[in-house]
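This report concerns only the one structure given below.
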Amino acid sequence: MLDAIIKAYNEAVFETDKEAAFAVTDQALAQGLTAEDVVFKVVIPAVEEMMTRITRDPDANLAQHFMTAQIASEVTERMLARFAAPPAIVGRVVIGTAHGDLHSLGKRIVMGCLKALMVEVVDLGVNVPAERFVDEAVAHDAQVIAVSAMMVHTATGENGVRKVRRILRDRGLEDRFKIVVGGAPYRFDNELYKDVGADGWAADGIAAGRVIIDLIRELKP
Amino acid sequence: MAAETGAICRVAPRAGGYAIETIGATHARGYCGSGLIDAVAVLLAEGRLKPSGRFAQPPGPEGFRLDPANPRTALFGSDVDAFQRAKGATAAAMATLLKQAGMDWSDLRRLCVCGAFGHTLDVAHAQAVGLLPPIEPDRVELLSDATLAGCERLLLTPGGDQDMRALLECTKAVNLSKLIAYDESYITHLRLKPVPPLP
């Protein structure tokens, strides 16, 4: 039974058909699967499978990427509401776009994947000042600060990630938080993340999930 | 490409192939907006394109040529992707503004399509792929060169500036890039299917 559900669910996600994905998970519940089973045995493996498939597939497109992440996130939210006990959270991330940057969609893909991977996400929105990244990370006791920057000047500028790093250093918080970055400029120059003071970077949503979970585990073994 | 001579502006299915119309009725050099909408709608109706934006059969490195003899008629996955993102942004913008105004699609009495699109847009195709909402087609007005015509009217009509001021007073600018609801709506509108009901 589980195999058939997984197959039907993967097909729905691959076709970016949200209604079909909801129908499969509802049916799985009706057939006696728990919401936990649906998330851990169906949804999470599907996120990984899909992102691998999309990354390898030369015909896959960005629109598909957006829709896949949204489906994962919405299905997970529906299932979480039915969990018998609150799920074990891997860790917590504050995420936002860099100061001066209003491009929010890359961040949305990452958020969708993170939620499906049981990482708690605090969305700080767009155009987030460096101080706020740090203040919110402290307030929410997060492990990772995730900064999205889609333009060269917001990715490399003095008011973006560099400033987040400087504040962490000045406040003696560097061993409490890791910084991860994403966005077009980091894809063009794969060493740029180090230059701006980040601990990691990721090219896409699912890679971001992996990098962030690894960084969380460094702080929370 | 821009709506210039040689741009494919209309596509229709034809026995064993596709009828392609170009601006200036000359050799096809690429697609302009309305031709791209037609091509996507026709391929979608035939099942060659799926609602996800993928080709049912990957067309290979040469793309899918509507005219096998002319490489400039090729459609690539990346073209469909760019189209999905453009139409998703447009439809989501309309949906978000309407929602903000407390209205629904059925409340729209006139939908004015301006710019070069207004020349040759096939409304049924634009609705099938989810660029325009599913309202009665006779409520959609195609107005090419509307901006210049509006300027002309403003300058030539006595009291035109008062009309203009009255319009400005009931117009509100909304920065969609600051609305989280717009982002969500954008992703919802990426699929190649008719615009869904407002949430």
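The values are calculated or read from the model by the stated rules, or taken from the named source; none is laboratory data. The structure presented is a predicted model; accordingly, all values stated were derived computationally and were not measured. Cβ atoms come from the backbone with ideal geometry, glycine included; neighbour counts cover every protein chain shown. Quick note on the areas: whole protein, heavy atoms, side chains included, nothing else; ligands and nucleic acids left out. Shrake-Rupley method; radii C 1.70, N 1.55, O 1.52, S 1.80 Å.
When we screen A:Ala20, A:Ala30, A:Ala8 for residues that are aliphatic (A, V, I, L, M), modelled with pLDDT of 90 or more and open to solvent by 70 Å² or more (accessible area, probe 1.4 Å), the only hit is A:Ala30. Evaluation of B:Thr5 against the conditions (1) surrounded by 18 or more Cβ atoms within 10 Å (Cβ to Cβ); (2) assigned to a loop (DSSP other than H, G, I, E, B) shows that the sole unmet condition is (1). Checking each residue in the stretch B:102-121 for being in a helix (DSSP H, G or I) and either of a type in the set (A, V, I, L, M, F, W, C) or more than 30 Å from B:Ile23 (Cα to Cα) (or both) picks out B:Trp105, B:Ser106, B:Asp107, B:Phe117. As an exercise: evaluate A:Val38 against (1) of a type in the set (A, V, I, L, M, F, W, C); (2) over 14 Å from A:Ser73 (Cα atoms); (3) modelled with pLDDT of 90 or more and give the number of the one condition it does not meet. Going through the list (1) of a type in the set (A, V, I, L, M, F, W, C); (2) over 14 Å from A:Ser73 (Cα atoms); (3) modelled with pLDDT of 90 or more, A:Val38 breaks only (2).
Each residue in the stretch B:177-199 was checked for being within 8 Å of chain A (Cβ to nearest Cβ) and under 17 Å from the mean Cα position of the chain (by Cα), and 5 of them qualify.
Identification of helices (runs of 4 or more DSSP H) wholly contained in the stretch A:102-171 with 2 or more residues that are within 14 Å of another protein chain (Cβ to nearest Cβ) and open to solvent by 10 Å² or more (accessible area, probe 1.4 Å) yields A:105-116.
A search for C-beta distances below 7 Å between a residue of the stretch A:157-186 that is closer than 22 Å to A:Ser104 by Cβ and any residue that is in a strand (DSSP E or B) and open to solvent by 50 Å² or more (accessible area, probe 1.4 Å), counting only pairs 6+ apart in sequence or on different chains, returns A:Val180/A:Trp201; A:Val181/A:Trp201; A:Gly182/A:Trp201; A:Tyr186/A:Trp201.
The lone criterion from (1) in contact with a Ser or Thr (Cβ under 8 Å, 6 or more places away or on another chain); (2) within 12 Å of chain A (Cβ to nearest Cβ) left unmet by B:Ala86 is number (1). A single entry from A:Thr76, A:Thr25, A:Thr68, A:Thr52 fulfils the requirement of being open to solvent by less than 10 Å² (accessible area, probe 1.4 Å), farther than 30 Å from A:Val164 by Cβ and either more than 21 Å from the chain's Cα centre (by Cα) or of a type in the set (Ser, Thr, Tyr) (or both): A:Thr25. Scanning the stretch B:164-178 for residues that are open to solvent by 90 Å² or more (accessible area, probe 1.4 Å) and modelled with pLDDT under 90 gives a single hit, B:Lys178.
Results for (1) of a type in the set (Asp, Glu); (2) within 14 Å of chain B (Cβ to nearest Cβ); (3) touching a residue at least 12 places away in the same chain (Cβ under 8 Å), shown as yes or no for each residue.
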position: A:Ala28; (1), (2), (3): no, no, yes
position: A:Ala35; (1), (2), (3): no, no, yes
position: A:Val39; (1), (2), (3): no, no, yes
position: A:Met50; (1), (2), (3): no, yes, yes
position: A:Thr55; (1), (2), (3): no, no, yes
position: A:Gln64; (1), (2), (3): no, yes, yes
position: A:Thr68; (1), (2), (3): no, yes, yes
position: A:Ile71; (1), (2), (3): no, yes, yes
position: A:Glu74; (1), (2), (3): yes, yes, yes
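Every condition in (1) within 14 Å of another protein chain (Cβ to nearest Cβ); (2) in a loop (DSSP other than H, G, I, E, B) is met by B:Ile135 except one, and the failing one is (1). Based on what the data block shows, is B:Leu143 away from chain A (no Cβ under 14 Å) and closer than 30 Å to A:Val126 by Cβ? In short, no.
A single member of B:Ala149, B:Ala124, B:Ala181, B:Ala95 is buried (at least 18 other Cβ atoms within 10 Å of the Cβ), of a type in the set (A, V, I, L, M, F, W, C) and part of a helix (DSSP H, G or I), and it is B:Ala95. None of B:Ala92, B:Ala41, B:Ala12, B:Ala69 is free of Cβ contacts under 8 Å to residues at least 12 places away in the same chain and aliphatic (A, V, I, L, M) except B:Ala69. I'd like to know if the stretch B:36-43 contains one or more residues that are touching a Cys at 6+ places or on another chain (Cβ under 7 Å), more than 14 Å from every other protein chain (Cβ to nearest Cβ), outside any strand (DSSP E or B) and of a type in the set (A, V, I, L, M, F, W, C). For the stretch B:36-43, residues touching a Cys at 6+ places or on another chain (Cβ under 7 Å), more than 14 Å from every other protein chain (Cβ to nearest Cβ), outside any strand (DSSP E or B) and of a type in the set (A, V, I, L, M, F, W, C): absent. Only one entry in B:Asp104, B:Asp79 is open to solvent by 30 Å² or more (accessible area, probe 1.4 Å), within 14 Å of chain A (Cβ to nearest Cβ) and touching a helix residue (DSSP H, G or I) at 6+ places or on another chain (Cβ under 8 Å), namely B:Asp79.
For the stretch B:52-71, a residue qualifies if it is buried (at least 16 other Cβ atoms within 10 Å of the Cβ) and either within 13 Å of another protein chain (Cβ to nearest Cβ) or assigned to a helix (DSSP H, G or I) (or both), and the qualifying residues are B:Ser52, B:Gly53, B:Arg54, B:Phe55, B:Pro59, B:Gly63, B:Phe64. Going residue by residue through the stretch B:146-169, is there one that turns out to be within 14 Å of chain A (Cβ to nearest Cβ), closer than 23 Å to B:Asp38 by Cβ and among the aliphatic types (A, V, I, L, M)? No.
Among the listed residues A:Val211, A:Val180, identify the single one that is in contact with a strand residue (DSSP E or B) (Cβ under 7 Å, 6 or more places away or on another chain), hydrophobic (A, V, I, L, M, F, W, C) and at pLDDT 95 or above.
On inspection, the qualifying residue turns out to be A:Val180.
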